[in-house]
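Right, one structure below, let's go through it.
Where a number appears in this text, it was derived from the coordinates with a stated rule and is not lab data. What you see is a predicted model; the values in this text were computed from it and never measured. No Cβ is skipped: glycine too gets one built from the backbone with ideal geometry, and neighbour counts run over all protein chains shown.
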């Protein structure tokens, strides 16, 4: 299943302004990563094989906080929350470990590990990890827009 969406990085002050304006100015932000494809596959694989639990894993592309406009979902994490999520979730799951999860899923005929999607889901995971790395290095918050 594919979703449409974007990941944006911004300062904590810019995040406060976005919250105050009910995220009506998202279009003025530069997209950091695309959340358009394979979000469900990624989350289901991590949920099933990482041992971290669905709530923890969900923070990767949903953030720690949310706002629900009529036309989708907006999640966000402050720079402090981004750093915690990177350290407690993404740093624990290397690309190699994710490939192991994928291969285990294929052996179990897990619906979210279809071989034709492997390259795309793996690249998607790499993009998410890179976005978090950049946000932490620059002390930035993240906004996740889905829908």
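I want to verify the translational diffusion coefficient of the stretch 48-94 in µm²/s; compute it with Stokes-Einstein, Rh as the Kirkwood radius over Cα pairs, at 4 °C and 1.567 mPa s. Once the numbers are plugged in, D ends up at 113 µm²/s. Measuring from centroid to centroid over Cα atoms, what is the spacing of the stretch 88-119 and the stretch 6-51 in Å? Taking the Cα centre of the stretch 6-51 as reference, the centre of the stretch 88-119 is 22 Å away.
The length gained on full extension between residue 50 and residue 24, counted as 0.36 nm times the residue separation minus their Cα-Cα distance, comes to 5.8 nm.
In terms of its C-alpha gyration tensor, the stretch 68-147 has an oblate overall shape, because the principal axis ratio a/c (a ≥ b ≥ c, square roots of the eigenvalues) is not below 1.5 and a/b does not outweigh b/c.
In units of the compact-protein estimate 2.2 N^0.38 Å, the stretch 34-75 shows a Cα radius of gyration of 1.22.
Comparing 43, 15, 26 in a Gaussian network model of the chain where C-alpha atoms under 10 Å apart are linked, the largest mean-square fluctuation is found at 26. Against the chain, whose longest principal axis is taken from its Cα atoms, helix 118-137 shows a tilt of about 40°.
Using the alpha-carbon positions of the chain, Rg (one decimal) and Dmax (whole number) come out as 15.0, 48 Å. Annotation: the residues 90, 7, sorted from fewest to most other C-beta atoms within 10 Å of their own C-beta, follow the order 90, 7. Helix 95-107 axis versus longest C-alpha principal axis of the chain: approximately 50°, rounded to the nearest ten.
Taking only the Cα atoms of the stretch 78-125, the radius of gyration and Dmax are 13.1, 38 Å. Computed from the Cβ-Cβ distance with R0 of 30 Å, the FRET efficiency linking residue 115 to residue 81 stands at 0.30.
Label residue 104 and residue 91 with points 7 Å out from Cα along Cα→Cβ: what is the distance between them in nm? If labels sit at residue 104 and residue 91, their model points lie 2.2 nm apart.
Per-residue extension of 0.36 nm, minus the Cα-Cα distance of residue 16 and residue 68, leaves a gain of 17.1 nm for this segment.
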